[in-house]
Amino acid sequence: MSYWFHRNPLKATSNLTFELAGVSTDDKTRQIFAQMRQTRNKLLEMLTDPNHDMATMEKAVNDYFSLLLGLIQPFEDNESENKLRRAIKYRWTNSLLGTVVKEQQDSAYEAASMAINVGLWYTKHAAKLAAKEEPDMEEAKEVHKCLKIAAGVFTYVKDDLIGRLSDNTENAIDTDSRVLDAYIGQCTGEAQEVTLARAVEMKHSASLIAALSHETSQLYQKADDALQSLDIKVVGKWRKYFQLKCEFYKAYAYCYQGETLLAQDKCGEAVRGLQEGVKCYEKSEALCREYASAKGLGTFARPANHLFFRKLGPVLKRTLEKCERENGMIYHQKVAYDPPILELKATYGLAAPEPYTPPALNPLWSKEVYEKMNSKMAPKPQEDKEKKDKPAELPPVKEKETPMSEKDPGNFSGCVLS
């Protein structure tokens, strides 16, 4: 599965010392900010390396978020907002916008931004496992789980965090619901690809494979639709990835629907559907070339080079030739002008985001400790007139490279995750 997945880069952020002179008033309050600095730095360092295991990453995420929660959730019954929520200014880039910085004095913004990076790490960890020459069954399951977890994290950001932010609608920033919808659709679609590859490898019924392929195609279509209103110069390459995957799995659906229709003695419909499948496959080949030449950020996929992609074209043409031969000699059915409608609903194997639950509040926090924090000494958010100067840009995150195999897998489906 080398270079099968497109990956956007991690978000960069500035270093934070959490040194709030006057806010922390004793050793207990100072200990919280010291722990926040340490756990944040550790998490940021780990996010650059997809080779860490899931348990280690989960602990690092929980260690930081359990402390950060103390700056977000209210402690008092009559509090509408945590008094420390806007005590610290956070600076982050966005995964689609390069080195341009967006800053907000809001700990909910920090939670959303860091969570998006965590979601991106899970996608990169999945891609790293998928890039191995021969992943075993447990690794294939982990790829599937990672992608569902990532979808769940992005869903959590969209449903629970961005509604709290005052400014989250600029073009193609990561907290834009359209960008998050695209990430959710991508992760869910890629998780379903793992299920589909397994179904093909195990030679499940053609009707099930056709239905799963159609559902997968629809997920990529929705991801592409989510980005439609954003600047094509920013999201163009990402959209080409969604479009080529959409057409590829539509071709897969027509291929296996053709086998199903032939088994039902509906040879004329099978011929027309397979003809449409060949068109979709050729369109996906053209989109692969467009994707390769499009400008954009991230780790690029090379699906046209992959055996899973290359095998479908000849299979489609052989199946079409078989149906045309059978129709000419036996069935003599009319081939319709319009292809059969893909009204296929899978009842098994559908992927869904795995719900993300944030950790409990760290025991270092308590109502007593919170009350000792002097919020009056916290820096005040800047007035709008002081925000006219653009913040300094941040260099891209130096992510650890993952070697990917170019070797073809030696199995039936051509997918190493099956």
Residue in segment 209-234 that is farthest from ASP176 (Cα to Cα), counting only those that are among the aliphatic types (A, V, I, L, M) and touching a Gly at 6+ places or on another chain (Cβ under 7 Å): LEU212
Test: residue in segment 103-110 that is more than 30 Å from ARG310 (Cα to Cα), under 26 Å from the mean Cα position of the chain (by Cα) and in a loop (DSSP other than H, G, I, E, B): yes
Filter result for GLN275 (under 24 Å from THR319 (Cα atoms), without any contact (Cβ under 8 Å) to a residue 24 or more places away in the chain and open to solvent by 20 Å² or more (accessible area, probe 1.4 Å)): no
Selected residue [part of a helix (DSSP H, G or I) and of a type in the set (Phe, Trp, Tyr)] from PHE75, PHE65: PHE65
Flag if PRO314 is in a loop (DSSP other than H, G, I, E, B) and either in contact with a Gly (Cβ under 7 Å, 6 or more places away or on another chain) or not hydrophobic (A, V, I, L, M, F, W, C) (or both): no
Residue match in segment 13-36 (condition: under 28 Å from CYS146 (Cβ atoms), out of contact with any strand residue (DSSP E or B) (no Cβ under 9 Å at 6 or more places or on another chain), assigned to a helix (DSSP H, G or I) and not hydrophobic (A, V, I, L, M, F, W, C)): yes
Options THR175, THR188, THR216, THR155: the member that is surrounded by 21 or more Cβ atoms within 10 Å (Cβ to Cβ), out of contact with any Phe, Trp or Tyr (no Cβ under 6 Å at 6 or more places or on another chain), closer than 25 Å to ASN305 by Cα and not acidic (Asp, Glu): THR188
Per-region count, segment 303-323, residues crowded, with 16+ Cβ neighbours inside 10 Å, farther than 11 Å from CYS255 by Cβ and at pLDDT below 90: 6
Which listed residue is more than 18 Å from PRO359 (Cβ to Cβ) and open to solvent by 50 Å² or more (accessible area, probe 1.4 Å), from LYS59, LYS128, LYS42, LYS132: LYS132
Close pairs from segment 372-395: first closer than 12 Å to GLU103 by Cα and open to solvent by 100 Å² or more (accessible area, probe 1.4 Å), partner at pLDDT 85 or above and among the hydroxyl-bearing types (Ser, Thr, Tyr), Cβ under 6 Å, at least 6 apart: GLU393/THR99
Single condition ALA87 does not satisfy, out of (1) surrounded by fewer than 18 Cβ atoms within 10 Å (Cβ to Cβ); (2) among the small types (Gly, Ala, Ser); (3) touching a residue at least 40 places away in the same chain (Cβ under 8 Å): (1)
Condition broken by LYS322, with the remaining ones in (1) out of contact with any His (no Cβ under 9 Å at 6 or more places or on another chain); (2) among the basic types (Lys, Arg); (3) over 11 Å from VAL271 (Cα atoms) satisfied: (3)
Test: residue in segment 288-295 that is open to solvent by 60 Å² or more (accessible area, probe 1.4 Å) and either at positive phi or not in a helix (DSSP H, G or I) (or both): yes
Residue match in segment 249-270 (condition: buried (at least 24 other Cβ atoms within 10 Å of the Cβ) and closer than 25 Å to ASN8 by Cα): yes
Criterion violated by LEU44 - all others in (1) under 26 Å from the mean Cα position of the chain (by Cα); (2) within 20 Å of ASP160 (Cα to Cα); (3) in a helix (DSSP H, G or I) satisfied: (2)
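The values are calculated or read from the model by the stated rules, or taken from the named source; none is laboratory data. Quantities reported herein were computed from a predicted structural model and do not represent experimental measurements. Don't worry about glycine lacking a Cβ; one is built from the backbone with ideal geometry, like all the others, and counts go over all protein chains shown. Keep in mind that these areas ignore ligands, DNA and RNA; they rest on the heavy atoms of the full protein, side chains included. Shrake-Rupley method; radii C 1.70, N 1.55, O 1.52, S 1.80 Å.
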